[in-house]
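Report on one structure; see the data block that follows.
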Amino acid sequence: MIPLSNFMMLSAALFVIGLYAVLVKRNVIQLLIGIEFMINAALINFVAAGKSDKNYMGGQMTALFTIVIAAASVAVALAIILNVYKYYKSIDPDKLNKLRD
Amino acid sequence: MEQHDIIPVVSLLAVLMPLLSFVLCMFFVPKSISGKVAVSSIAVSFIASCFVFFKIWNAGNIHIQHHWFTLGQTSWDVGLLLNNLSALMILLVSGIAFLVHIYSLAYMKGDENIDRYWGYLSLFCSSMLGLVIADNLLLIYIFWELVGFSSYLLIGFWRTRDAAVQANKKAFIMNRLGDLGFLLALMILYSQFGTLDIEKLFGDGGLFHLSQFTSGEWIAPLGHISYVWLLVCGFGFVFGALAKSAQFPLHTWLPDAMEGPTAVSSLIHAATMVAAGVFLLVRVSPIFDSTVLITIAVIGIFTAFMASTIALVQNDIKRILAYSTISQLGFMMLAIGIGNNGAAIFHLATHAFFKCLLFLCAGSVIHEMHYAKNKLDADCDHQDIRNMGGLRKMMPLTFVTMVIAALALCGIPLTSGYLSKDAILISSFEWATTRSFAAKLIPYLAMLTSWLTTFYIARLIFKVFYGELRIQGDKTERLIHEAPRFMLMPQLFLAVCSAFFLFSVNPLSYENTWLLKVFPGSVALERIHSYHTVIPALLNLFAVLIIYFAYIQYARKEKAMFRENTWLYNFALNGWYFDEFYHQAIVRPVTYVSKFSFSIDRKVIDGLVDIVGKSGVLLSSIAGWLDRKLIDGFVNLAGRAAAGLGNFFRSFQSGRIQYYLAVMIFVVLTFFVLRYFSPAI
């Protein structure tokens, strides 16, 4: 029986890796990948918690549901990125700064 | 009764026509027809005056009034007073003005400001005619000023000439001095009687005759003052008249006034305006007591004598005539002084004709000389009689008319001047019989003056018309010819008027003159028969001798009897140094005082103002500094603080997503850390 804390350690490591990618990468696609990391870190927590809910499998269900939504949102995000690239000829997040003051 | 309604209207027409012409010439009609407008208006005025004269003369006075304005309790009337005196004057003024207008048509032809000339001349005629028919001393005063003003305008008509500008200023200022006396007299009369109406004051049973003189007091209906004020009042009128009639000591403006056009000199400074002083004295003559009268007589004879001596040696043809005018006006003053107003007015009338004629002839001569000078391009004074000579062959008609005028001026029988001058001389002898020794000198001085008159006018005639022309040039004889027709016609007409028959059927005795009979006072003196034959005979005998001497001296030039460089000659040539004296005694001190007060004004008053101004500038610069540094400092500080704060917060808005995320995470982490270590939150 693998204790819950191991899952949480894995999840936290995965989340921090994702966070790192989100914060430092110079490519929006890589940012997106970092976001996926973080989503999946959260899902690991859901699945690990779902282990103690054997009747309803609420954690697993939420994870599945979230994966579907994440896939959809990734599709939307990629479409946005494509448009951004058309407009800026770049996907470096530092250059996408038209919203600054 | 109908006539009494129409006469005032007609006389008003005579005054208003020139005024209309003035307005038209100055503002409405083009230059080319301004002359026609002025001449036709004065012609209408002349015809109206003739009508008025024949209706009024010896046929009773007309005095109509109309309410003018009310000052407090006092109501003022404006009106016309037509009696023998004003009827004669209105005819004289408009008649001579008419002739001079015709003369001016030719004389002023081609002047570039001709419309201004006609306008001014019309203004003068209107004010002079108004002056003679006004019924009220205040109204007379107003017209008196207007006459002086239009004379000022006309003297300075050629305004680009410096001498003309100086002359008109001088004339105006000296006339203003006289006006002061006039005004003073008016104020005294008004305070004593409460009216300035001539008829009410001096008419039969008028207010003035109601005043009583007891123990040095003058008791009048309204006032009760010292007798001295009666003298002051009389001298005030006299002073006013002295300035207008160019008598000593205010005579020096008239010779300078000759800078105006000759036609103007003829009308204004010989025939009409200068006679206004005499006219005024006759109008107010009841007010003069014996002291004032003797003063008038002395001033008159002194002026006559002085001016005639000056005229002896002048070289400018117009200045000779100007001094002659002063001298003749002196005779009129003498006549008033001895109480013979009729003789004064009679001499005024005859003098108006012959002196006007003399000036017109002089104008013709100057006109031709000027023409010749311009043609020959000669550099000489065309008014200097030393440059003239021999003109009788070239201008025969002018010569004849001028000789007639000169004879009238000398008082040779068969001329009008003989009658009027004898009237004055003989009555002055009659007057002196009952007076002291000093007073007896006056008629003798008058006689001497009369001979001097004969000499200077003979000198003028012989120098101008006899001998040889002294202007250089080959064809000068052909250049100078008779004056134009429009200039000759008035001359001929005036020459006829200078003869005796216009005034009396008897050429040798003035006593039958129609003009004298209507004036009271002229027959009041006791008649002394011997005077009436001896004096004219003596006068004319010497006059003929003097003319002969002048002929030898100036026409034939056989020998020079008079040297021309003695101090007496220079004394007369410089007009007894009156101008010099006035310049040193009055003009220079006044200029000095004005300069002094000017410097005070500039240094002290302006200095004070400057100090106030400078301290104001200093104060405001301090205030400005405070404002800029202190008040603005606070405002700027607030602004800068806001800007700094804004910039600080703005620096967060970098537009970099990752930066925002990092901050967000940092904040959340901080929250959790705080939450973890302090469970109280």
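The values are calculated or read from the model by the stated rules, or taken from the named source; none is laboratory data. Predicted, not measured: the structure shown is a model, and the values here were computed from it. Cβ placement follows ideal geometry from the backbone for every residue including glycine, while neighbour counts extend to all protein chains displayed. Note: areas computed on protein heavy atoms with side chains; ligands, DNA, RNA excluded. Shrake-Rupley method; radii C 1.70, N 1.55, O 1.52, S 1.80 Å.
Structure above, values below:
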{"read-out": "Normalised alpha carbon radius of gyration of the stretch B:157-293 [divisor 2.2 N^0.38 Å]", "value": "1.24"}
{"read-out": "Cα gyration tensor category, rounded, prolate or oblate, for the stretch B:1-105 with a/c compared to 1.5", "value": "oblate"}
{"read-out": "Alpha-carbon Rg with Dmax, taken over the stretch B:268-364, Å", "value": "13.5, 45"}
{"read-out": "Between helix B:588-600 and chain B: long-axis angle, C-alpha atoms, 0 to 90°, nearest 10", "value": "10"}
{"read-out": "Extension reserve of the B:Ile622-B:Leu397 stretch, reckoned as 0.36 nm per residue once the Cα distance is removed", "value": "72.3 nm"}
{"read-out": "Per-selection Kirkwood Rh - the stretch B:326-371 (Cα, Å, 1 d.p.)", "value": "11.7"}
{"read-out": "B:Ile6/B:Leu441 FRET efficiency (R0 56 Å; Cβ-Cβ; nearest 0.05)", "value": "0.65"}
{"read-out": "Stretchable slack from B:Asn374 to B:Ala43, in nm (0.36 nm times residue separation minus alpha-carbon distance)", "value": "115.8 nm"}
{"read-out": "Viscosity 1.306 mPa s, temperature 10 °C, Stokes-Einstein D of the stretch B:556-681 from Kirkwood C-alpha radius, µm²/s", "value": "62"}
{"read-out": "Between 0 and 90°, nearest 10: helix B:416-432 axis offset from chain B longest Cα axis", "value": "90"}
{"read-out": "Helix-only mean residue ellipticity at 222 nm for chain B, each DSSP H run of n ≥ 4 adding -39500 (n - 2.57), per residue, nearest 500", "value": "-22500 deg cm²/dmol"}
{"read-out": "List A:Leu14, B:Leu137, ordered by accessible area with a 1.4 Å probe, largest first", "value": "A:Leu14, B:Leu137"}
{"read-out": "Carbon and sulfur %, accessible surface of chain B computed with the full protein complex present, 1.4 Å", "value": "68"}
{"read-out": "Spin-label zone in the stretch B:178-204 - amide nitrogen under 14 Å from a point set 7 Å from the Cα of B:Asp289 along the C-beta vector", "value": "none"}
{"read-out": "Relative contact order of chain B, defined on C-alpha pairs under 8 angstrom at six or more residues apart (%)", "value": "11"}
{"read-out": "FRET efficiency, A:Thr66 to B:Asn647 (Cβ-Cβ, R0 30 Å, nearest 0.05)", "value": "0.10"}
{"read-out": "Relative contact order computed over the stretch A:2-91 (Cα-Cα under 8 Å; 6+ residues apart), in percent", "value": "25"}
{"read-out": "Packing-based ranking, highest mean first, of B:16-29, B:333-346 given that Cβ atoms within 10 Å are counted", "value": "B:333-346, B:16-29"}
{"read-out": "Among B:Ser150, B:Met128, B:Ile96 - extreme Cα towards positive end, dipole of the stretch B:80-159, charges at beta-carbon", "value": "B:Ile96"}
{"read-out": "Reduction of at least 20 Å² in accessible surface, 1.4 Å probe, comparing all protein chains with the chain by itself, residues of the stretch A:72-101", "value": "A:Pro93, A:Asp94, A:Leu96, A:Asn97, A:Arg100, A:Asp101"}
{"read-out": "Accessible area buried between chains B and A, both sides summed, probe 1.4 Å, in Å² to nearest 100", "value": "900"}
{"read-out": "Size descriptor, Kirkwood hydrodynamic radius, that averages inverse alpha-carbon separations across the stretch B:372-513, Å", "value": "17.5"}
{"read-out": "Whole-number D in µm² s⁻¹ for the stretch A:4-88, Kirkwood Cα-pair radius fed into Stokes-Einstein, 10 °C, 1.306 mPa s", "value": "114"}
{"read-out": "Check: the protein assembly as shown dipole with +1 on Lys, Arg Cβ and -1 on Asp, Glu Cβ, in debye", "value": "3160"}
{"read-out": "Gyration tensor (Cα) of the protein assembly as shown, equivalent ellipsoid semi-axes in angstrom", "value": "111, 33, 27"}
{"read-out": "Cβ-based net charge around A:Val47, under 15 Å, with every Lys or Arg adding one and every Asp or Glu removing one", "value": "+1"}
{"read-out": "Cut-off 19 Å, label 7 Å out along Cα→Cβ of B:Val663, residues of the stretch A:7-38 by amide N", "value": "A:22-25"}
{"read-out": "Chain B: angle of helix B:84-107 to the longest principal axis, Cα-based, in degrees nearest 10", "value": "70"}
{"read-out": "Residue-normalised accessible area of chain B, expressed per residue, 1.4 Å probe, Å²", "value": "45"}
{"read-out": "Accessible surface of B:Tyr531 - all protein chains present, 1.4 Å probe, nearest 10 Å²", "value": "60"}
{"read-out": "Heavy-atom accessible surface of the stretch A:4-88: percent carbon and sulfur, 1.4 Å", "value": "76"}
{"read-out": "Excluding exposed DSSP-loop GluC sites (Glu not before Pro) (at most 13 other C-beta within 10 Å), longest clean stretch of chain B", "value": "B:113-467"}
{"read-out": "Calculated log₁₀ intensity ratio I(q)/I(0) where the Debye formula runs over C-alpha points of chain B, q = 0.07, 0.10 Å⁻¹", "value": "-0.51, -0.95"}
{"read-out": "Which of B:Arg650, B:Arg283 is most accessible, then next, and so on - probe 1.4 Å", "value": "B:Arg650, B:Arg283"}
